[in-house]
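Everything below concerns the one structure shown next.
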Amino acid sequence: MPSVSRLPADVRAELATGRGLLRAADFEGPGRSRSRLHRLERKGDLVVVAKGVYADAAALAAADPWSAFRLRTRAFLLAGAPNTYAAGWSSAVLHGLPTTGRPPQVPTVIRPGSRVSGSNRTCHGRTRFAAVPDRWLGQADGCPAVGAAFAAVDLARHAGAMTGLVLADAVAFRPGGREQLGAALADIGAWTGSGRAAWSVRHCDPDVESPLESVGRCAFLRAGLPLSLSNVWVGEFVPEVRLDHYWPQHRVGAEGDGVGKYLLADPAAAIRKEKEREWLLQRMGIRLVRYTWPVATRSPDLLAAQVQARLAEPARSGGRIRTWARDDGLAQLGLPAGRPRPDLPRTG
């Protein structure tokens, strides 16, 4: 059920203007005072999300964990000192990068102008002190934040290979993203864990369109499988079928979710199109391995073994097959290139 706010109309209006946030220092005028906000807080209608910053308690309780984390990040920045920028997952969520699992307990920001090092933490957020080049200091979602590439590389220093690759692929998908990742890696080369981040940057692929494809690729890379092509079109004369992963020398493809990606829109049409697609792939002699999010994340070795078994089989004959890069195939078919990446499946 949607949340029902019990707040007065003028307070709701201020929250709407602040996109869900109200700063006590700005709540001035006839009938407005901090004591009034304190009373609403004591009643449980408002909740403090940063020093002197309030949110609608009902709306916050109804929000999913990452939306609530985004709101708390914005609040912490609003209450913070000048020259403070969202960093880590706080920057990632503001930039719209994929998120994994549950968010951190509190937002993280960086103060790059400080001469001290280390960090401090309060109940509302964590502040890191670090030397960050000015070129990575900007904005995201109307808030000061380090660049998406810098955030992705910074997070990959301590995240697992899967999370690091999901983030790196998401940034590489954006215009100039691969080059930005390389520049960010160079700038944090002396930081702890930069070698782990380097793996993600080295293996990022700008043709990957979804986090599910990234976790599939991670399973293949970690198992030492030959490199696959991402989101290439295959066909005898014109682009006919696009595959998430394709090994052309073996005529083997792999795909995440398969028909499940389209069932919700029109189940009957999705099943019919999938049968036609399967027939085209069989005609071309392409063997396909399908996988899901749970398999790729919880049993990556099993997924890699399934693909390895297909790669080890003798290639089927099926006539001449041509391949087209993602955007080349889209252009030939008159379809727009550079579509937005889908969001990561919510995993709790």
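The values are calculated or read from the model by the stated rules, or taken from the named source; none is laboratory data. Please read these numbers as outputs of a predicted model, since none were measured by experiment. Glycine gets a Cβ as well: all are built from the backbone with ideal geometry, and neighbour counts include every protein chain shown. Protein only, heavy atoms only, side chains kept; ligands, DNA and RNA dropped before computing areas. Shrake-Rupley method; radii C 1.70, N 1.55, O 1.52, S 1.80 Å.
Restricting to the stretch 22-36, what's the tally of residues that are in a loop (DSSP other than H, G, I, E, B) and open to solvent by 10 Å² or more (accessible area, probe 1.4 Å)?
Filtering the stretch 22-36 for residues in a loop (DSSP other than H, G, I, E, B) gives 27-28, 30-31, 33.
Those left that are additionally open to solvent by 10 Å² or more (accessible area, probe 1.4 Å): 28, 30-31, 33.
So the count comes out to 4.
What strands (runs of 3 or more DSSP E), lying completely within the stretch 76-129, carry at least 2 residues that are closer than 21 Å to Ala170 by Cβ and either in the same structural domain as Gly142 (by the TED database) or open to solvent by less than 50 Å² (accessible area, probe 1.4 Å) (or both)?
The qualifying strands (runs of 3 or more DSSP E) are 108-111.
If you scan the stretch 266-303, which residues turn out to be assigned to a helix (DSSP H, G or I) and within 23 Å of the chain's Cα centre (by Cα)? Talk me through it step by step, then tell me what you get.
As a first pass, look at the stretch 266-303 and keep what is assigned to a helix (DSSP H, G or I): 267-283, 293-298, 300-303.
Scanning the stretch 266-303 gives Trp293, Pro294, Val295, Ala296, Thr297, Arg298, Pro300, Leu303.
Go through the stretch 37-58 and give me each residue that's open to solvent by less than 50 Å² (accessible area, probe 1.4 Å) and either in the same structural domain as Pro104 (by the TED database) or assigned to a helix (DSSP H, G or I) (or both).
Filtering the stretch 37-58 for residues open to solvent by less than 50 Å² (accessible area, probe 1.4 Å) gives 37, 40, 44-50, 52-58.
Answer for the stretch 37-58, where residues must be open to solvent by less than 50 Å² (accessible area, probe 1.4 Å) and either in the same structural domain as Pro104 (by the TED database) or assigned to a helix (DSSP H, G or I) (or both): Leu37, Leu40, Ala57, Ala58.
Determine whether the stretch 172-187 contains at least one residue that is open to solvent by less than 40 Å² (accessible area, probe 1.4 Å) and touching a Leu at 6+ places or on another chain (Cβ under 8 Å).
Yes.
Hey, Arg72 hits all of (1) open to solvent by less than 50 Å² (accessible area, probe 1.4 Å); (2) under 30 Å from Glu209 (Cβ atoms); (3) touching a residue at least 40 places away in the same chain (Cβ under 8 Å) but one; which does it fall short on?
Answer for Arg72: the failing condition is (1).
Condition (residue is at pLDDT 95 or above and of a type in the set (S, T, N, Q)) applied to the stretch 109-124: is it met by at least one residue?
Scanning the stretch 109-124, I find no residue that is at pLDDT 95 or above and of a type in the set (S, T, N, Q), so the answer is no.
Just wondering, is there one or more residues in the stretch 91-112 that are in contact with a helix residue (DSSP H, G or I) (Cβ under 8 Å, 6 or more places away or on another chain), within 21 Å of Gly195 (Cβ to Cβ) and not hydroxyl-bearing (Ser, Thr, Tyr)?
Yes: one or more hits.
Being without any contact (Cβ under 8 Å) to a residue 40 or more places away in the chain and either of a type in the set (Lys, Arg) or in contact with a Gly (Cβ under 7 Å, 6 or more places away or on another chain) (or both) is the filter here, so list the residues in the stretch 200-229 that pass it.
Arg202, Pro206
For the stretch 133-144, what are the residues that are part of a loop (DSSP other than H, G, I, E, B), farther than 19 Å from Pro104 by Cβ and within 23 Å of the chain's Cα centre (by Cα)?
Gly142
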